[in-house]
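What follows is one structure encoded as C-alpha cells, with my remarks underneath.
Taken together, the values in this text are just the output of simple stated rules run on the coordinates, not laboratory data. Please read these numbers as outputs of a predicted model, since none were measured by experiment. Here the Cβ positions follow ideal geometry from the backbone for every residue, glycine too, while neighbour counts run over all protein chains shown.
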Amino acid sequence: MLLAINAKYVHSSLSVWLLAEAVSAYANNTHDVVIVETTIHQKNVEIAGLVAVHKPDVVGVSTYIWNAGKLPDLLKMVRERLPGVVIVLGGPEASFNTGYWLENGADFVLGGEGEQSFPALLDTLGGGLGCTYVNPGAVSGPAGPGSAVSGPAVSGSAGPAQAGAPVDPYTETYFSALGDRIAYIETSRGCPFSCSFCLSGESTVRFFPIEATKEQLIKLSQSGTRTIKFVDRTFNCETGRACELFEFIIGLNTTCRFHFEVAACLFDDRALELLASAPPGRIQLEVGLQTFHEPALKSSCRHMDIEKAEKNIRILLRNQNIHVHVDLVAGLPYETYEDFQNSFDRAYTIGAHTLQLGFLKLLHGSALRAQADALGMRYSEQPPYEVTSSPWLSAEDIRSLKLAENALRHTNNKSRFLSTLKYVQHVTEMRPFVLFKTIGEAAPNHGLQLPDYAMHLFESLSKMPGVDEPVLREHMICDWLSMVKGVNMPGFLITRDKRRRNVVDTAEKKLQRRINRDEAAVLPSGKGVFADSSDRDPVTGLYRLCFV
C-alpha cells in the first residue's frame, strides 16, 4: 500500500502514483499495489482503518512537514491493527531525519528519489500487478484490534535511487481518482540555486523529455481538473525550454489553469512577450522574492537581480492576463523588523494578486538549520519548524508579523475588500504593513464566517483617522457584490431604499435575465450598483460591477 496524507482534500498526491508505476516498471517481481489518499484533517483512527482493511504486507508513506506531526501515533495504530506489517517511509521529512523515524514507527527509510529504491526494496521483501485506489474523502473505522509488534524496529536502506527514465503516472486509475482536484506534474528535478533554507538547491537540474511532457499535459488538460501545478522548483531556469512549454500550453484548447514557480529575474523579452499572449487566467505564476533586503539574501545564498525581478513582475501584471503570486519570507538572517516592513511595503506596492507572507522554516537537511545555533536563531522543534526568535526578530516582532499576515490572508490574498483597502490606505496614509498589522490587531480572523468578519472589519476601519463612514460603507458594498455570489449581504451593509427595486429592474433589463435582490444595492451616495455574476474575471475571480 502507498499511503498519501495530503494537506487538503483539493490536493492530490503525485508521489504515490509515480511510485506505483515505478513498481510496475522496475520491480523484478510482481507486487499488488493499492493507493490510499487521505488528508491531515482525517483522524488517525480513520486513516489507520483505511489502511488495515486492505491488510497490506507493506505500507509506504511519503513524509512532509504538513503530515509529519500525525505520523508517530498513526504508525503505532497501524502496527496495532496489522502485526508484522513492514512500514517504509520516504520524502523529505524522513530522508533528512532518519534516526528519529526508525525509532518512531519506520522499518525502512529511503532517502532521495524512490522510483528505483522502492521497487528494489519490495523485491527483497518478496510479495506476490495491479493497482487499486481509495478516495481521500473515504472514512472508515478501525479494522479491528491487533497486538503491538514487540522488539526493536528493523532499520535498513535500499540505497540511493539511481536516476532512471521517468515513468508516466497518469493512468486511467489515476484520472478516475483525480476528479476535479488539483493535478500535479513534474517536468524537471533539481534546482540551479543554492538557497540555504531550501532542500532543492545545489543539485544538477535534470529535464524530462519535452515531447513526453507535452503528451502528459494534453491528458491532464482534458481530465476534468481545473488546476495543473508544476512542481519544478524553478520552472524557467532554462529559458528556451520554458518558452516552448509556455507556448504549447497557451495553444491548448482547455479551460485549465497552469501554475508555475518561477524566478522573475530570469525572464527575457521573448518570455515576457509570449506570456503577454496567454488567454486571461490560463497561466498563474508564483514568484519567490523572499525579501528585498540584500544582507538577508546574501546570508541565505540566494542570488537574485532584485531590480530586474521587480521590473518583470510589473510587466507581467500590466497585461492583466496572468495571476501573479509573490512570496515573502520573514525571519531570514540579518533582516530586522523594520527591514521586513520595508520589504513588505515594496512588494505590496507592486500590486501582485497574492502577496504571501510566510515564516522561515528551518527544515531538516537545510544548511540554515545547521547554522541556526551559531546564528542565535530559535525555532520550534515540531513541524513545520518555524523560527520563533532571532537576534534580528524578537518573539514580539514575530507576533506582530503574524497579525499582519492574518489580515493579508483574509483580505487581499482572497481578492476580498480590495477597493476598501485601497480607500483606507489612501485616506489614512498608512504604510501597507502598518495597515495590515492594524487590521490584524483590531479584527483578527480565526475561523469567522465572512459576514461576521466583514462586520468586524467595518467597525475597525471606520475608527481610523480620515475614514468617512458612508464612503467606507460604499466601498464595502461594492466589494461584497464583486467578490461574493450566493451569500446574502450582511445587514449592516444593506441600504434600505425603495429605489433598490428600480436597480434590480434595470439590472434585469441589461442582463436579460432574472437576478437575486442581493445582487443589487443602492449605495449611500444614492447611486445604484449590481453585479453581473455571469461575468467573472478569470484572473482575479471578481464579478463585474455595473452602476446605474
Local net charge near Trp392, Cβ-Cβ under 11 Å (Lys/Arg +1, Asp/Glu -1):
-4
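Helix-only mean residue ellipticity at 222 nm, the chain, DSSP H runs n ≥ 4 weighted -39,500 (n - 2.57), per residue, nearest 500. What is it?
Numbers: 20 runs with 208 residues, N = 548.
So the helix-based figure for the chain works out to -11500 deg cm²/dmol.
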Volume of the Cα convex hull of the stretch 248-337, divided per residue and given in Å³
99 Å³
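Compute the Kirkwood hydrodynamic radius of the chain, taking the inverse of the mean of 1/r over all pairs of distinct Cα atoms, and give it in Å to one decimal. Present the calculation step by step, with values, prior to reporting the outcome.
Numbers: mean 1/r = 0.0386 Å⁻¹.
Radius from the Kirkwood sum: 25.9 Å.
At a 10 angstrom cut-off on C-beta neighbours, averaged per residue, how do the peptides 396-408, 169-181 rank from highest to lowest?
Details: 396-408: 19.2, 169-181: 16.8.
Result, highest mean first: 396-408, 169-181.
Lys and Arg at +1, Asp and Glu at -1: add these up for the other residues within a Cβ distance under 12 Å of Asn236 and post the number.
Numbers: positive: Arg233, Arg241, Arg270; negative: Asp232, Glu238, Glu244, Glu261, Asp268, Glu286.
So the environment of Asn236 carries a net charge of -3.
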Give me the mean projected area, in nm² to one decimal, of the convex hull enclosing the Cα positions of the stretch 1-104.
6.5 nm²
Taking N as the number of residues in the stretch 243-290, the ratio of its alpha carbon radius of gyration to 2.2 N^0.38 Å works out to 1.13
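Work out how much length Ser194 to Leu272 would gain on full extension: take 0.36 nm times their residue separation and subtract the Cα-Cα distance, in nm to one decimal. Walk me through the numbers on the way to the answer.
Values: separation 78, 0.36 × 78 = 28.08 nm, distance 2.54 nm.
Here the segment from Ser194 to Leu272 would lengthen by 25.5 nm.
Given a cut-off of 26 Å, name the pairs among Lys311/Lys414; Lys422/Lys510; Lys219/Lys311; Lys414/Lys437 whose C-alpha atoms lie farther apart than that in the structure shown.
Values: Lys311/Lys414 24 Å; Lys422/Lys510 29 Å; Lys219/Lys311 35 Å; Lys414/Lys437 17 Å.
Those over the limit are Lys422/Lys510; Lys219/Lys311.
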Gly90 neighbourhood, Cβ < 12 Å, K/R = +1, D/E = -1, net charge -3
FRET efficiency for Arg241 and Glu469, using Cβ-Cβ distance with R0 set to 56 Å, rounded to 0.05
0.55
No solvent, one uniform scatterer per C-alpha: report log10 I(q)/I(0) for the stretch 501-548 via the Debye equation at q = 0.21, 0.24 1/Å, two decimals.
-0.67, -0.83
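Would you mind computing Rg(Cα) / (2.2 N^0.38 Å) for the stretch 182-393, counting N as its residues? Could the numbers behind the result be given before it?
Details: Rg = 17.9 Å, N = 212, 2.2 N^0.38 = 16.8 Å.
Here the answer is 1.06, to two decimals.
Any of Lys8/Lys229; Lys402/Lys463; Lys8/Lys43; Lys498/Lys527 with alpha carbons more than 19 Å apart? Name them for me. Write down the numbers at each step before the final one.
Numbers: Lys8/Lys229 15 Å; Lys402/Lys463 22 Å; Lys8/Lys43 13 Å; Lys498/Lys527 13 Å.
Violating the 19 Å Cα-Cα cut-off are Lys402/Lys463.
Could you order peptides 288-297, 380-389 by the average number of other Cβ atoms within 10 Å of their residues, highest first? Could you put the intermediate results ahead of the total?
Working: 288-297: 21.4, 380-389: 15.6.
Sorting 288-297, 380-389 by mean packing, highest first, produces 288-297, 380-389.
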